[in-house]
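These notes concern the structure reproduced below.
The values are calculated or read from the model by the stated rules, or taken from the named source; none is laboratory data. No experiment lies behind these values; they were computed from the predicted model shown. Cβ placement follows ideal geometry from the backbone for every residue including glycine, while neighbour counts extend to all protein chains displayed. These area figures cover heavy atoms from the full protein model, side chains too; ligands, DNA and RNA do not enter into them. Shrake-Rupley method; radii C 1.70, N 1.55, O 1.52, S 1.80 Å.
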Amino acid sequence: MKSNSNPVAVKGLCVAFGKRPVLDGLDFELQRGSATALVGDNSAGKSTLLRVLLGTLVPDRGTVAVLGADPARDGARLRAQVGFAADRIEVPNWMRAGDWLKFLSRLYPNWSRAEEQRLCALLELDAKEPVRALSKGNRAKLGLVAALAHRPRLLLLDEPFSGLDVGTRMKLAATVIEHLRDENCSVLLVSHSISDIERVCDRVAVLSAGRIAREGELESLAREERGGINLEAALRREPAAMELAI
Amino acid sequence: MNANFALVLHELRNARASLLAAAGLTLLVLAILHTFASTPTESAAAIAFMWSLCALQFACDSFATDLASGRLRTRSALPVSARMLWGAKLAAFVASVVLLAAFGVAVELAWQAGCGRAGACSEFVNALPPVTYILPLLALIGATGMLCSLMVESALTAMLLSGLVLGGLWGLALAFEESTRLTGEDLISRHPMSAALLCAVVFFAIGQIAFARAQRRLGDGAVRLRAVLVAALLCSIGLAGTAAAASWHWATHGLEDGHLQIFPSIASPDGRFVAFMAAQQRRGFNSRSASQRQLTSVWVIDLETSERHLIAAPGQFASDWYTRRHREWSEAEGLVVFTESSWNFGGDTGALRLRTVDGRLGVEPLADPKQAIGGRLPEWAAVTEQRVKNACGKATTVQWKGTEFERKFEGEFSSTHIGIGIVLSQRPGCILALREKQLRFIDMSSGQERVLLEDCEGSLAASPDSLAVLACTETGVHVFSTDDGSPLHTPWLRKEWAVKWIEGDDQSHELLLRRRGTNSISRILDVANGCEVELEGMGLRCLARIRDRGYTDVDAHGDLVWLNRAGRTVKVLVDR
């Protein structure tokens, strides 16, 4: 069955905060080996969907299967096979970057010390640098190393490149692409930046009113304007992204 | 390294600044204490206080700061379960408190060993609160703090919230205690630490469930409101349930409750009714609370029909009812029951008046207990130590230092102590007092003293009408006038010990005599005519007169018995 082979399969997902529904009957499948961009307005529920997929948020209704498991039940085991990088990683200030990675290595069964060092070298991240002294870009690099060093089968990225300069964005995106190619993993990227999406993704899903309004190949959807959804406009909301796209 | 251990170690390293600050604060407090030459006991109290304070701080800082900084969100994406994260926080809290406790104790022991006097170390260790008491309290503080820490995003706010919650818990415990005491039980006073531990476990469980399963809902106002409503509903059901159980308990067991103790009775003016108090001694975790709080009920028995009436159920009266002033029964006033705390005179709790109209009982609550009882207090009201209170609310102060008086009279209305060594004379400014085994008549204004009796033993006892005072020597029983100290009767040269006056409302003077060294045989001596009645097998603790119909007393089995004037049993009024 197709849904079983795909790393993410969501059906009828409903999540509400108080009386406000955020995800309302969402159906979505992430195809194996694909890099899919999840786009939509602010507060559309993109990060909420990622939290559900990670198992840190229990949905009100619906079925969710990530790598064949239910995140609400097997969240801890699942997170050991999933890489997750958020827009901001919060690490205690007394730590050095290497301390955080060392701490993570004790929690991930598949953590590869060699991969960690390779990624640090690739991204030019100094593991001895105190976290409090890390720039925003270096924090993003630390987050990406933490997400990739255990060689995940699924990568969930929640605006990991936002607010970074072009060079850093390109470097991070290249790292993700390399991982995508080498490990044959699947990527779900939440972003407002069309250039980031174009660099990394081959598919796009548009989240609107708590559901996936449109989904398909990046190139075909980018030119499409149908059903009240302007993908180009949705992708170009972030000024920085617009600038980069130009 | 094990993931659990790594998490706990990570939490401890996160909390090291707080740990260092707490250790510094402990040092500062101990230094200040020793600067002012504190005792090891005070150091132990300070350390115990620091434990509580630091436990609260550590617990409140568990999640609040992480929530505010977003670290908790980062950590929630780690490949560990929420339960593991919660457990790591809990373990780190426990380890922090243990480390700080060990540090405080070690520092103080080192100081006492180096600079303290001999035996100070053992005194300090003995003064530390027992683990069985401190652990449940720290657990409760920790559980409350961690739970509150999940609700807000500031450790300080969590501490304030925890204070409110702990205060609310205390209030709830008091309400629950007052409710359960009606059932004859005293759960919280008997098992305070178990209650604290149970509460802590419940709080830990709630926190763990909330953290593991409903993280996103913690900030939901509607959920909080629902939780408060559910808690209020549960409390209401619990309190209503205990009240219902109380009604069932007293309706079912009544006076046959094996734990009840019957206290002295008093007869109605016509001799038909006998009123008495029954109390269930509370088994509090310290003696003071046990003596302060009894489950007191007031009963009236019709001697002709043996019908019982519960006049005041437990809960209406909070304290003791064992001195004469607390109950009076006259034609004019009816039975007046007045209770007050034996330790704090300001602790008046209530009064009621019982009237008999055509053989039927009627109860009338009294709005102002002091006013109702004030004019009827005995003038002599003997008090041992410092103060003697008379009927009008004025107090006479007799300063007593060792065996010496400071002669002083003041109009002070303050705490009263039931005494054994001083009796006020009917003559203003004079007292009868025991000093150096002598009964003396002392004029407080002039300082003149007159020895009335040598080789006195035991205590003085004033008669119910306050006109006479009873004193005993090894060989005889003596009665003196409280007006001028003159002997009222020829001494009875007997080996029996005069225990007390027997109370009755007919102004008769009778003494209860008890043979030395035994409780089995005693006599009643009529002061007026010297007639004696021998009693056998009676407890004699509650002996009281029923006019000319005889006496009531509680026998060795705890039964309330009606005796005739010849000392023979007429009827068992309460068979227990």
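Some observations on this one:
- Residue in region B:63-82 that is within 42 Å of the chain's Cα centre (by Cα) and open to solvent by less than 30 Å² (accessible area, probe 1.4 Å) present: yes
- Close pairs (9 angstrom Cβ cut-off, 6 or more residues apart or separate chains): of a type in the set (D, E, K, R) in region A:51-78, assigned to a strand (DSSP E or B) and open to solvent by 60 Å² or more (accessible area, probe 1.4 Å) anywhere: A:Asp60/A:Pro21; A:Asp70/A:Thr63
- Taking (1) away from chain B (no Cβ under 11 Å); (2) in contact (Cβ under 8 Å) with a residue 24 or more places away in the chain in turn, A:Glu178 satisfies each apart from (2).
The rows are residues; the columns are (1) under 23 Å from B:Trp492 (Cβ atoms); (2) surrounded by 16 or more Cβ atoms within 10 Å (Cβ to Cβ); (3) acidic (Asp, Glu); (4) modelled with pLDDT of 80 or more.
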{"position": "B:Val527", "(1), (2), (3), (4)": "yes, yes, no, no"}
{"position": "B:Glu536", "(1), (2), (3), (4)": "yes, no, yes, no"}
{"position": "B:Leu560", "(1), (2), (3), (4)": "no, yes, no, yes"}
{"position": "B:Leu563", "(1), (2), (3), (4)": "yes, yes, no, yes"}
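- Single residue of region B:92-101 satisfying the filter (touching a residue at least 60 places away in the same chain (Cβ under 8 Å) and open to solvent by less than 40 Å² (accessible area, probe 1.4 Å)) that is nearest to B:Glu11 (Cα to Cα): B:Ala92
- Cβ-Cβ under 8 Å pairs, at least 6 apart or on other chains, region B:1-12 side facing chain A (nearest Cβ under 7 Å) and in contact (Cβ under 8 Å) with a residue 24 or more places away in the chain, far side outside any helix (DSSP H, G or I) and open to solvent by 40 Å² or more (accessible area, probe 1.4 Å): B:Ala3/A:Arg106
- Total residues in region B:548-558, condition buried (at least 16 other Cβ atoms within 10 Å of the Cβ) and under 19 Å from B:Glu510 (Cα atoms): 6
- Among the residues of region A:58-89, the ones that are closer than 15 Å to A:Leu26 by Cα, surrounded by fewer than 21 Cβ atoms within 10 Å (Cβ to Cβ) and within 11 Å of another protein chain (Cβ to nearest Cβ) come to 2 in all.
- The residues of region B:58-81 that are more than 8 Å from every other protein chain (Cβ to nearest Cβ) and closer than 24 Å to A:Ala149 by Cβ, listed by number, are B:Asp66, B:Leu72, B:Arg75.
- Considering residues of region B:444-484 that are β-branched (Val, Ile, Thr) and open to solvent by 40 Å² or more (accessible area, probe 1.4 Å) only, the residue farthest from B:Ile502 (Cα to Cα): B:Val451
- Unique residue being surrounded by fewer than 19 Cβ atoms within 10 Å (Cβ to Cβ) and modelled with pLDDT under 80 when the list is A:Ala241, A:Ala233, A:Ala209: A:Ala233
- Criterion: more than 17 Å from the chain's Cα centre (by Cα) and on the phi > 0 side of the Ramachandran plot - qualifying residue of A:Glu124, A:Glu159, A:Glu129: A:Glu124
- First in region A:116-140 and free of Cβ contacts under 8 Å to residues at least 40 places away in the same chain, second anywhere and assigned to a loop (DSSP other than H, G, I, E, B) and crowded, with 17+ Cβ neighbours inside 10 Å, Cβ under 7 Å, 6 or more apart: A:Glu116/A:Ala149; A:Cys120/A:Ala127; A:Lys136/A:Leu164; A:Gly137/A:Leu164
- Residue selected from region B:449-490 under the condition among the charged types (D, E, K, R) and part of a strand (DSSP E or B), by the criterion modelled with the highest pLDDT: B:Arg450
Residue-wise test of (1) within 14 Å of the chain's Cα centre (by Cα); (2) more than 27 Å from A:Ala9 (Cα to Cα); (3) surrounded by fewer than 19 Cβ atoms within 10 Å (Cβ to Cβ).
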{"site": "A:Ala146", "(1), (2), (3)": "yes, no, no"}
{"site": "A:Pro152", "(1), (2), (3)": "yes, no, no"}
{"site": "A:Gly163", "(1), (2), (3)": "no, yes, yes"}
{"site": "A:Gly167", "(1), (2), (3)": "no, yes, yes"}
{"site": "A:Ala174", "(1), (2), (3)": "no, no, yes"}
{"site": "A:Asp182", "(1), (2), (3)": "no, no, yes"}
{"site": "A:Ile194", "(1), (2), (3)": "no, no, no"}
{"site": "A:Ile197", "(1), (2), (3)": "yes, no, no"}
{"site": "A:Arg203", "(1), (2), (3)": "yes, no, no"}
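- Given (1) at pLDDT 90 or above; (2) more than 11 Å from chain B (Cβ to nearest Cβ), index of the condition A:Arg32 fails: (1)
- Subset of region A:17-44 (residues that are open to solvent by less than 10 Å² (accessible area, probe 1.4 Å) and on the phi > 0 side of the Ramachandran plot): A:Gly40
- Residue check, A:Leu53 crowded, with 17+ Cβ neighbours inside 10 Å, farther than 30 Å from B:Asn14 by Cβ and aliphatic (A, V, I, L, M): no
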